[in-house]
Amino acid sequence: MRSLRIEPAKLTGRIFIQPSKSMAHRLMLCALLAKGTSEIDNVVLSDDIKATMQACEALGASVMIEDSPVFDCRKRVVISSPGDIRVVRPVIDCIESGTTARLVIPISRLCADPVTLTGKGRLVTRPFDIYKRLLPGKGVNFTDENGKMPIRLEGRLRPGEYDLRGDVSSQFISGLLMALPFLDGDSEIRISGPLESRPYVGMTIDALERFGISIGHSHDFRLFKIQGKQKAAACSLAVEGDWSQAAFFCVLGAISGEVAIEGLNEASLQGDRIILDIVRDMGARTVWGQGTLLVNPGTLKSVQVDASQCPDLVPAVAVAAALCPGVSAITNAKRLRLKESDRLRAVCSELNKLGARIVERQDGLVIHGVNHFTGASVDGWNDHRIVMALAIASSRTMGPVEISGFEAVSKSYPEFWQDFKLLGGKVDEQHMG
């Protein structure tokens, strides 16, 4: 197994942040739904984004990749679509992208043609039971292998009333929001219980509106009224910077040295923008200037973080919290057990190997602060966010950190190690038996 050895070093410098993977998924699928040619600029070809591009092609669009004329080292994805969904490839490989799978399932049912969705890794066992319960009553034949992929779909989705719990992945809600406007009748989605990851639903609505699709909703996102027979209009736009990736560099700025982050939207709808509030509460100093966010270390202090609306932040936040004096807590994070890894267990296991004092709870973490980390050999759990969290932790270790499975960053951030080195990270790839 290959591993990456990181020598401890103070990390500081300037970074141009990755584009939002969550928004790129949504914009490309909107382009699939729109008749004509759309251009999506500022794209990084991570494994997850490649999965969505392949899904667009399987459902009838042509996809071309060009060098971005505006953003250095980024791509522009040109998607030409007839505006009508048709299955031209009977199998869609979602690789390990849960977002791709959950958004594409209802979109693919805008036609009756059979299609099979496959995947690999933890995606194969991640839950799709919400669709399995909902879709058969709306014209779709849904079959799987004892609750696992492959998922086979046949039949056209019908408009109507859809009832969902709010404490499941918001991707199920987003998938329906992307499909229902194109049916031949009006629909409603009703949410029961608290809605988790609400900002991602707002991002879906924003993406649809950019392509001319209107979604009526209550102020609390508990009721959605969707007019049918809508038409999406092709357009050209750029993907904004990704706050979930920026979180790792915000934490670096809080625990190591000044980090300047370019490419973020200060007024973004992304829920992970709350990382700014979290690192400020920890004592970091943050300043916006000329489109750049500066994060500097301050006097660290413990925090209490409700992760229900920002689950992807937990690995990065846990690193910083582990270095805060006192006791910090991360709560309402149970859904992290169903990600690319069981992230609560992974964070606890691997950071504790580095000398952290973290106690795993059923729905969160209790973190007792330490002054610094120790060096150790750790496992990335085949999870991009775990690997990146361990990498930034190395900036405060007393010895080298050796990460096995470091390649997992290709899922969302294939240029992570280049950017890490740009900030002064000292890495040396090795081979282990």
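The values are calculated or read from the model by the stated rules, or taken from the named source; none is laboratory data. Treat the numbers as computed from the prediction; the structure is a model and nothing was measured. Positions of Cβ are generated from backbone atoms using ideal geometry, with glycine treated the same way; all protein chains shown enter the neighbour counts.
Quick check on my filter: what residues within the stretch 94-119 are surrounded by fewer than 17 Cβ atoms within 10 Å (Cβ to Cβ) and out of contact with any Lys or Arg (no Cβ under 6 Å at 6 or more places or on another chain)?
Scanning the stretch 94-119 gives Pro114, Thr118.
Looking only at the stretch 126-159, count how many residues are in contact (Cβ under 8 Å) with a residue 24 or more places away in the chain and within 16 Å of Ser169 (Cα to Cα).
Counting residues in the stretch 126-159 that are in contact (Cβ under 8 Å) with a residue 24 or more places away in the chain and within 16 Å of Ser169 (Cα to Cα) gives 6.
Arg122 is checked against (1) within 23 Å of Leu32 (Cα to Cα); (2) in contact with a Lys or Arg (Cβ under 9 Å, 6 or more places away or on another chain); (3) in contact (Cβ under 8 Å) with a residue 12 or more places away in the chain and fails just one. What number does that condition carry?
Of everything listed in (1) within 23 Å of Leu32 (Cα to Cα); (2) in contact with a Lys or Arg (Cβ under 9 Å, 6 or more places away or on another chain); (3) in contact (Cβ under 8 Å) with a residue 12 or more places away in the chain, Arg122 misses just condition (1).
Identify the residue in the stretch 183-214 that is buried (at least 17 other Cβ atoms within 10 Å of the Cβ) and part of a loop (DSSP other than H, G, I, E, B) and, among all such residues, is farthest from the chain's Cα centre (by Cα).
Leu183
Return the residues of the stretch 206-253 that are among the acidic types (Asp, Glu) and modelled with pLDDT of 95 or more; say none if nothing qualifies.
Asp206, Glu209, Glu240, Asp242, listed by residue number.
Quick one: Asp428 ticks every box in (1) of a type outside the set (Ser, Thr, Tyr); (2) more than 21 Å from Ile255 (Cβ to Cβ); (3) in a loop (DSSP other than H, G, I, E, B) bar one, so which box is it?
Tallying (1) of a type outside the set (Ser, Thr, Tyr); (2) more than 21 Å from Ile255 (Cβ to Cβ); (3) in a loop (DSSP other than H, G, I, E, B), Asp428 fails exactly one: (3).
Do we find a residue being under 18 Å from the mean Cα position of the chain (by Cα), under 29 Å from Val327 (Cα atoms), in the same structural domain as Arg396 (by TED's automatic domain parsing) and in contact (Cβ under 8 Å) with a residue 60 or more places away in the chain anywhere in the stretch 291-308?
yes
Lys301 is checked against (1) surrounded by fewer than 17 Cβ atoms within 10 Å (Cβ to Cβ); (2) at pLDDT below 95 and fails just one. What number does that condition carry?
Here Lys301 clears every test but (2).
Mind listing whichever residues of the stretch 393-402 are part of a loop (DSSP other than H, G, I, E, B) and either among the polar types (S, T, N, Q) or within 16 Å of Glu429 (Cα to Cα) (or both)?
Pro400
Pick from Thr116, Thr100, Thr143: which is outside any strand (DSSP E or B) and either of a type in the set (Ser, Thr, Tyr) or more than 19 Å from the chain's Cα centre (by Cα) (or both)?
Among Thr116, Thr100, Thr143, only Thr100 is outside any strand (DSSP E or B) and either of a type in the set (Ser, Thr, Tyr) or more than 19 Å from the chain's Cα centre (by Cα) (or both).
For the stretch 408-430, name all the residues that are more than 24 Å from Asn42 (Cβ to Cβ) and surrounded by fewer than 17 Cβ atoms within 10 Å (Cβ to Cβ).
Selection gives Gly424, Lys426, Asp428, Glu429, Gln430.
Return the residue satisfying two criteria in turn: it lies in the stretch 354-381 and is among the β-branched types (Val, Ile, Thr) and touching an Asp or Glu at 6+ places or on another chain (Cβ under 9 Å), and of such residues it is farthest from Glu96 (Cα to Cα).
Filtering first and then ranking leaves Val366.
Determine, yes or no, whether Val124 is under 19 Å from Lys339 (Cβ atoms), of a type in the set (A, V, I, L, M, F, W, C) and touching a helix residue (DSSP H, G or I) at 6+ places or on another chain (Cβ under 9 Å).
Here the answer is no, as Val124 does not meet what is asked.
For the stretch 117-136, check the following and say yes or no: at least one residue is touching a Ser or Thr at 6+ places or on another chain (Cβ under 6 Å), within 24 Å of Arg335 (Cα to Cα) and not basic (Lys, Arg).
No; the residues of the stretch 117-136 include none that is touching a Ser or Thr at 6+ places or on another chain (Cβ under 6 Å), within 24 Å of Arg335 (Cα to Cα) and not basic (Lys, Arg).
Under 7 Å by Cβ, and 6 or more places apart or on different chains, what pairs join a residue from the stretch 74-95 that is farther than 30 Å from Gly241 by Cβ with one that is part of a strand (DSSP E or B) and of a type in the set (Ser, Thr, Tyr)?
Pro90/Thr116; Val91/Thr116; Val91/Thr118
Output the number of the condition that Gly433 fails; it satisfies all remaining conditions of (1) buried (at least 17 other Cβ atoms within 10 Å of the Cβ); (2) at pLDDT below 95.
(1)
Residue by residue through the stretch 43-77, note down the ones that are farther than 24 Å from Ala408 by Cα, of a type in the set (A, V, I, L, M) and buried (at least 18 other Cβ atoms within 10 Å of the Cβ).
Ala58, Leu59, Ala61, Val63
Looking at Leu338, Leu323, Leu354, can you tell me which residue is of a type in the set (A, V, I, L, M, F, W, C), assigned by TED's automatic domain parsing to the domain that holds Ile274, closer than 23 Å to Pro199 by Cα and in contact (Cβ under 8 Å) with a residue 40 or more places away in the chain?
One residue alone meets the criteria, Leu338.
Here's a check for you: in the stretch 44-81, which residue that is in a helix (DSSP H, G or I) and touching a helix residue (DSSP H, G or I) at 6+ places or on another chain (Cβ under 7 Å) is nearest to Ala232 (Cα to Cα)?
Cys56
With respect to the numbered conditions (1) closer than 20 Å to Ala284 by Cβ; (2) touching a helix residue (DSSP H, G or I) at 6+ places or on another chain (Cβ under 7 Å), which one is the sole condition not fulfilled by Asn382?
Only one criterion in (1) closer than 20 Å to Ala284 by Cβ; (2) touching a helix residue (DSSP H, G or I) at 6+ places or on another chain (Cβ under 7 Å) is unmet by Asn382, namely (1).
Criterion first (more than 22 Å from the chain's Cα centre (by Cα) and either crowded, with 22+ Cβ neighbours inside 10 Å or in a strand (DSSP E or B) (or both)) does Ser22 satisfy it?
Taking the combined requirement at face value, the residue does not satisfy it.
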